[in-house]
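This report concerns only the one structure given below.
Values in this text are rule-based calculations from the coordinates and carry no lab data. All of these numbers come straight from a predicted model, not from anything done at the bench. Note: ideal-geometry Cβ built from the backbone for every residue, glycine included; neighbour counts use all protein chains shown.
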């Protein structure tokens, strides 16, 4: 399983690395999806799935949470607290049990809030206990299935993602399929992801005790029996432990030989841009627009096609670390507290740490993680100064702020171009690059005149 000397990654490696961002949006320790893939792959071997099905099991595992950003705002709106905490904790309970589900919901309503604040949220939870989970699951799983199809994965992968939260007894979500109605890949990955959470949180014994207690309920009895053999797989749990301690350790067990094509990489970047922007209603299509503005500036400055491609990919992925910031903060319309702003300031570092795992993404990582740096050294996360910020970094910073000002937000209309550039001009030469601002003015005002 050692890495080869290739300078570029395969599709499997890229998705395994980016799955760390999906772990963030689910409130899980980084590497959860990759460790799920490890367990699911071993289980697939135990039941003697063919090589293609084993490969599909891997892709279901690393893409399983790709729809989760789509329901982050809904979770926050529903419970009124930290969506990351609510999502993390729900994986530790039997949410298909009505009593446990209601108790969980009431416990997580507006944490730290007053009784009045909690009571205001109760109407949203009224009705059948599984109704809320069905709605949240449907949004998440449908989104994940669509993303898999857009990335060109097989129908079994898309179908497995669509039905990942179904349970053997029919009490899962959201279609309430039973037994063999549930795709086999869904059954395998559902067991693997739940086992991974319990082993990481409570230890090996607790994980396998959980499987036995949910046999015939959540999980297919035959699969639970097959999984028992994994209990004594010392190599598996040694790898699991090492990866839990250091998520940078490579544990991908499917072939890594085929380098991702340029088209593959573009598709993945575009898919993850959509995942990122779905996290908050405040940032719908933000990454795509920033990429468009950045490329316009790159063309203005005469970038060659390869240089433009790298800039575009960096722009599409620049906010991937924002998946690790709670919607309680991202969707707050009021001024952030110092503590909340400190959490926001971590997202470029998260972007760096996630993208740095991907071979061939070195330059993309440098550009993407510098989008909040300022010429005067007062930006974040590193506090870089002008002589440390190259043209691509300056272009991305200007493009990011331009979109933040010019795009419509739920709480205000888009600002007129004159107002946007008036604000940008105040920061020119201090925080943002003046040449980039002037170039963008020329592009936008000339474009507006041409359109008229």
Exposure proxy order (Cβ contacts within 10 Å, fewest to most) of 59, 380
380, 59
For helix 98-107, what angle does its Cα long axis make with the longest principal axis of the chain, in degrees from 0 to 90 and rounded to 10?
30 degrees
Label corresponding to Cα extents along the principal axes in Å when calculated from the structure given, among [x] 66, 60, 39; [y] 69, 52, 47; [z] 108, 59, 46:
[x]
Distance from region 171-195 to region 16-58 (C-alpha centre basis), Å:
15 Å
Quickly rank 273-281, 146-154 as a protection proxy: mean count of other C-beta atoms within 10 Å, highest first.
273-281, 146-154
Work out, step by step, the length gained on full extension between residue 205 and residue 231: first 0.36 nm times the residue separation, then minus their alpha carbon distance; give nm to one decimal.
8.5 nm
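Order by neighbour count: 378, 313, 363, fewest other Cβ atoms within 10 Å first, most last.
378, 363, 313
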Angle, helix 286-300 long axis vs. longest principal axis of the chain, Cα atoms, 0 to 90°, nearest 10?
40 degrees
Label-point separation in nm, residue 339 to residue 387, each point 7 Å along Cα→Cβ
4.0 nm
Taking the alpha-carbon centre of each part, the distance from region 379-452 to region 353-377 in Å is 19 Å
Expressed as an acute angle from 0 to 90° and rounded to the nearest 10, what is the orientation of the C-alpha long axis of helix 417-427 relative to the principal long axis of the chain?
90 degrees
Run the helix sum for the chain: -39,500 (n - 2.57) per DSSP H stretch of 4+ residues, divided by residue count, reported at 222 nm to the nearest 500 deg cm²/dmol.
-18500 deg cm²/dmol
For each of 344, 62, 11, count neighbouring Cβ atoms within 10 Å of the residue's Cβ, then give the residues from fewest to most.
344, 11, 62
Förster radius 30 Å - calculated FRET efficiency between residue 261 and residue 378, Cβ distance, rounded to 0.05
0.15
Where the centre of each part is set by its Cα atoms, how far does region 205-221 sit from region 270-324, in angstrom?
43 Å
